[in-house]
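Below: one structure, written as structure tokens.
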Amino acid sequence: MTSAGIAVVGASLGGLRAAEQLRAAGWQGPITMYGDEPHLPYNRPPLSKEVLAGEAPTTATELRRRPSVADVEWRLGLAVESADLTARTLTLADGTVCGYEGLVAATGVRPRRLPLSSPAGGPRRHVVRTLEDSEALRAELGDGVRVLVIGSGFIGCEVAATARKAGCAVTVVAPEAEPMMLALGEELGRVLRRRHEARGVRFRMGRLVSHLHAEGAVLDDGSECGADVVVEAVGSVPNVEWLRASEGVADLTDGVLCDEHLRIGGLPYAVAVGDVARFPNPRYGEVARRVEHWSMASECARHGARVLVAGLAGGDHGLPPFDPLPSFWSDQFTLRVQSFGMPGVGERAELLEGDADADAGSAEGDVLYGYYAGERMVGVVALGGARAVALAGRYRGELVGVPAGPWI
Ligand SMILES: Cc1cc2nc3c(=O)[nH]c(=O)nc-3n(C[C@H](O)[C@H](O)[C@H](O)COP(=O)(O)OP(=O)(O)OC[C@H]3O[C@@H](n4cnc5c(N)ncnc54)[C@H](O)[C@@H]3O)c2cc1C
């Protein structure tokens with residue numbers, strides 16, 4: 001058996017930040033990073049934006065690594081097949097068994113695929129999660145290419161904008177009433193749709209794709225949607241299969257369930273971080289949720305690393321429960337969406353700044369919505385340019401100040 005020390009499974013944003021934070025928390029022992037991709041950690045947000053648009057080389061996505069992790073061991077291009085959380089061993093895809101003292105689960109998510117059959121000569125199907133995915137889709141984009149984006153979450157909307165900028169004829173099909181509805185609510189989603197439409201993106205909201213054929217897709221109302229390329233952006237599946245053998249210890253329902261300190265199964269030597277971690281956030285009640293936001297990977301890493309290092313030393317970490325303020329951004333055309341808090345747990349949205357109807361054409365007015373549970377603001381989202389982002393930033397302070405408690 002090889003390798004003791006801390007095993008970080010998943011060598012991407014969350015894994016890298018965890019390694020750095022382990023060093024910051026005083027861990028001086030070995031750290032081994034296990035990643036199934038052949039690359040050193042790279043940044044995913046540009047994959048649906050600059051890299052997909054051909055505006056940035058793929059090499060520009062490599063994440064800067066702090067000097068403190070210069071001595072970690074990288075085992076890349078090889079999946080961890082299974083983990084035993086009791087015996088503290090990992091089995092790699094080549095059969096190697098490695099021991100560990102502490103474990104960080106940072107295996108993220110993969111795109112959900114639709115159960116549609118692909119007819120011969122029909123549209124070419126893509127997803128966007130990895131560098132290779134982005135490169136493959138970029139090679140398809142160009143003037144007049146008909147792109148059907150299935151799903152209107154932030155990745156679907158970003159891909160639609162990038163493909164449109166590349167001259168493609170873009171249609172977005174999704175079952176919700178408005179794009180990005182889970183993150184923005186219906187009103188701001190409507191504003192976003194209008195701004196996309198003003199730039200030539202077509203939407204078929206409230207619709208599903210029934211099947212694909214040689215010329216494109218048939219929707220659930222029987223209508224046709226011509227397509228050369230189909231992009232599936234219909235959510236994600238957490239990468240937890242490697243933990244199945246430890247299911248008695250770890251709850252793997254929708255990610256890896258963690259306690260309020262990101263520990264898996266309450267174990268002092270195992271934590272989860274990033275997209276794969278499902279944890280309760282006392283700001284928003286007791287429900288455990290996964291949060292697929294770039295900034296959350298770093299926040300989890302900071303807390304999880306300190307908990308893990310203290311746990312391995314047999315001591316108390318002395319930290320309050322993990323209660324991060326979620327935030328995400330999304331860039332679509334020249335528009336930025338900036339969110340703080342958790343708008344999705346709000347019961348109503350209120351326009352705080354700007355004129356939601358002023359954009360029916362191609363106007364660029366900034367808008368800012370607040371989201372409320374009772375009288376409490378639980379989230380704020382800005383859509384527009386730099387000024388709107390700064391406005392949202394001001395409300396951030398108000399959201400940080402909301403006391404933790406079981407009020408939702
Ligand atoms: C196209 C795209 C655009 C995005 N844009 C934004 C944005 O604008 N704003 C924002 O806030 N967020 C954005 N995000 C989300 C953000 O990138 C993620 O939240 C972040 O990547 C999460 O990091 P992670 O390390 O938890 O997971 P990942 O980045 O998914 O990394 C997990 C790693 O683990 C590997 N792995 C999985 N299983 C195994 C195994 N068994 N053995 C070994 N390795 C394994 C995976 O291959 C992967 O390399 C975007 C995501 C995508 C895909």
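The values are calculated or read from the model by the stated rules, or taken from the named source; none is laboratory data. All values reported here derive from a predicted model rather than from experimental measurement. As a convention, Cβ positions derive from the backbone with ideal geometry for all residues, glycine included, and neighbour counts pool all protein chains shown. Please note that ligands, DNA and RNA were not included when accessible areas were found on the heavy atoms of the full protein model with its side chains. Shrake-Rupley method; radii C 1.70, N 1.55, O 1.52, S 1.80 Å.
Carbon and sulfur atoms: what percent of the 1.4 Å accessible area of region 334-400 do they account for? Before the final figure, lay out the partial values.
Values: 1450 of 2930 Å².
About 49 percent, which is the carbon plus sulfur part of the accessible surface.
Could you derive backbone 3J(HN,Hα) for region 94-109 from the dihedral phi with the Karplus parameters 6.51, -1.76 and 1.60 (θ = phi - 60°), listing whole Hz in sequence and x where the residue is Gly or Pro?
Values, residue by residue: 8, x, 4, 10, 10, x, 8, 8, x, 10, 10, 8, 9, 8, x, 9 Hz.
At 1.4 Å probe radius, can you tell me the per residue accessible area of the chain in Å²? Show your work: numbers first, answer last.
Values: 16470 Å² over 408 residues.
Averaged over the residues of the chain, the accessible area is 40 Å².
GluC sites (Glu not before Pro) within region 268-329: which are DSSP loop residues with at most 16 other Cβ atoms inside 10 Å? List each step's numbers first, then the result.
Details: sites: E286, E292, E299; in loops: E286, E292.
Filter output for region 268-329: E286.
Farthest toward the dipole's positive end in the chain, which of Y395, P268, L184, given Cβ charges of +1 (Lys, Arg) and -1 (Asp, Glu) about the Cα centre?
Towards the positive end, the residue furthest out is Y395.
Tabulate in residue order the Karplus-calculated ³J(HN,Hα) for region 240-246, using 6.51 cos²θ - 1.76 cosθ + 1.60 with θ = phi - 60°, rounded to whole Hz; enter x for Gly and Pro.
Couplings: 10, 4, 5, 9, 3, 5, 10 Hz.
Note down the net charge around Y284, summing +1 for each Lys or Arg and -1 for each Asp or Glu among other residues with Cβ under 12 Å from its Cβ. List each step's numbers first, then the result.
On the way: positive: R283, R289, R376; negative: E286, D323.
Taking every other residue near Y284 into account, the sum is +1.
Whose amide H sits under 5 Å from the amide H of N43, counting only residues 5 or more places off or on another chain, with H placed in the peptide plane?
E62, L63
Across region 334-400, what fraction of all alpha-carbon pairs, as a whole percent, falls in each successive 10 Å bin from zero upward?
All Cα pairs, binned at 10 Å, distribute as 24, 52, 22, 2 percent.
Looking at the P(r) of the chain, how many percent of alpha-carbon pairs lie beyond 42 Å?
Of all Cα-Cα distances in the chain, 15 percent exceed 42 Å.
How much net charge surrounds R199 when only other residues with a Cβ under 9 Å from its Cβ are counted (Lys, Arg +1; Asp, Glu -1)?
Details: positive: R164, K165, R195; negative: E197.
Residues close to R199 contribute a combined charge of +2.
Taking the Cβ of D84 as the center, what net charge do the other residues with Cβ under 13 Å away carry, scoring Lys and Arg +1 and Asp and Glu -1? List each step's numbers first, then the result.
Working: positive: R88, R244; negative: E81, E247.
Net charge in that neighbourhood comes out at 0.
In whole angstrom, and with the biggest value first, how far do the Cα coordinates of region 113-234 range along each principal axis?
40, 31, 25
Stretch R112-R348 to full length: gain in nm at 0.36 nm per residue minus the Cα-Cα span? Could you put the intermediate results ahead of the total?
Values: separation 236, 0.36 × 236 = 84.96 nm, distance 2.93 nm.
The R112-R348 span can extend by a further 82.0 nm.
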